[in-house]
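**Q** Provided herewith is a single structure, encoded as structure tokens, for subsequent inquiry.
Readers should treat all values here as calculations from the given coordinates under stated rules, not as data from a laboratory. The model shown is predicted, which means the values in this text are computed figures rather than measured ones. FYI the Cβ positions are ideal-geometry reconstructions off the backbone, even for glycines, and counts take in every protein chain you see.
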Amino acid sequence: MAKLREAILQDKVLPQIKNREIGSRLIFFDRIESTNLKAKELAKEGYPSGTVVVADEQTAGRGRLGRNWYSPGGTGLWLSIILRPDLPAPDAPFLTVIASLAVLEALESLGGKEEIGRKGQVNKGLEIKWPNDILLEGKKLAGILTELSLSRKINYVVVGIGINVNQDFFPAELNNIATSLKIKYKKDQDRLEILKKLLVSIEKYYYRLLNQEGSQLIGEWKERMNIIGKEVNIHDNEKVYQGRVLDIAERGELLLESQGEVLRFWAGDVSLRTRPELRK
Ligand code: BT5
């Protein structure tokens, strides 16, 4: 923990990564309710695009729809980024897309490091679960929470990213669905190193988005999912929809073929349908 804290407090991160925007202001808290909450406050106060809030521990880390995000101290990377892209409101979903691609790239680039193991090892089994999860061998390694202030255009976006790095175990209710790099690779990983790589990757993908590469990014995002053609249930707004995933559309929406209709989802919780259910 000392390393992450000291590097941020002593302004050592930006000179090492040479980003233009992301991480230009880096703010660290030993313990805070939620970095997303804090980043939204700072965005309202006028903090610039690229400001990043990092916490060692979150006491009320949040997922979508007010769910909890388990964020114990000294273990994970809990951070939120303020962005002020000059984009129309309907382009907002792209921010989650670039964040997940950046998380994958950052984790994969650790693959050559000795502490992780042989080159490419981390890479094995990393995939994106639509719309906002990163899975490692089917368990949740990271989650993204994108929150927005919109008018006709985007005023600001806060992209919150949580990555499980050095947890040895999870509480019982998460045990079967969550994992960490430590659980998988049996070694502590360097959170500062992951943070630096992540900030570099986010800037890269963010600038690609601003450079009109949205549709290409959706293509890359789709390639990292394993969902197209699958029979699924989608929980959305307290309803469950059953069907087959046809495609991911141009702004990241999921297209579901259900009872002869094509339904379009912007959010929701997807689960694969089990065999007995399919036989019904
Ligand atoms: C997410 O929501 O996956 C978004 C998580 C975003 C967390 C970051 S941390 C920094 C920033 N500040 C915040 O306050 N939040 C962001 P969702 O798809 O709704 O998933 C939430 C569900 O994931 C929970 O209901 C649990 O089932 C599960 N979960 C909770 N904590 C977890 C963890 N540490 N690892 C894996 N799964 C977890």
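**Q** So how much slack lies between Ser149 and Arg20, counting 0.36 nm per residue of separation and subtracting their Cα-Cα distance, in nm? Walk me through the numbers before you get to the answer.
**A** On the way: separation 129, 0.36 × 129 = 46.44 nm, distance 2.34 nm.
Taking 0.36 nm per residue and subtracting the Cα distance, the gain is 44.1 nm.
**Q** Can I ask one more? Which whole-number percent gives the relative contact order of the chain, counting Cα pairs below 8 Å spaced six or more residues apart?
**A** Relative contact order, the chain: 16 percent.
**Q** If I model a spin label as a point 7 Å beyond the Cα along the Cα-Cβ vector, how far apart are those points for Asp168 and Asp11 in nm?
**A** Result for the modelled spin labels: 3.9 nm.
**Q** Across all directions of projection, what mean area in square nanometres is found for the Cα convex hull of the chain?
**A** Projected over every direction and averaged, the Cα hull of the chain covers 15.2 nm².
**Q** Moving on to the next point. Would you calculate, for the chain, the mean residue ellipticity at 222 nm contributed by helices, counting each DSSP H stretch of 4 or more residues as -39,500 (n - 2.57) and dividing by all residues, to the nearest 500?
**A** -8500 deg cm²/dmol
**Q** What shape does the stretch 171-280 take by its C-alpha gyration tensor, where a ≥ b ≥ c are the square roots of the eigenvalues and a/c under 1.5 counts as rounded, a/b above b/c as prolate, and the rest as oblate?
**A** It is oblate, given that a/c is not under 1.5 and a/b is not larger than b/c.
**Q** Give me Tyr205, Tyr70 ranked fewest to most by other Cβ atoms within 10 Å of their Cβ, as a rough exposure proxy. Each step should come with its number before you reach the end.
**A** On the way: Tyr205 22, Tyr70 17.
Placing the least packed residue first, the sequence is Tyr70, Tyr205.
**Q** Order by neighbour count: Trp221, Trp69, Trp130, fewest other Cβ atoms within 10 Å first, most last.
**A** Final ranking by Cβ density, sparse to dense: Trp69, Trp221, Trp130.
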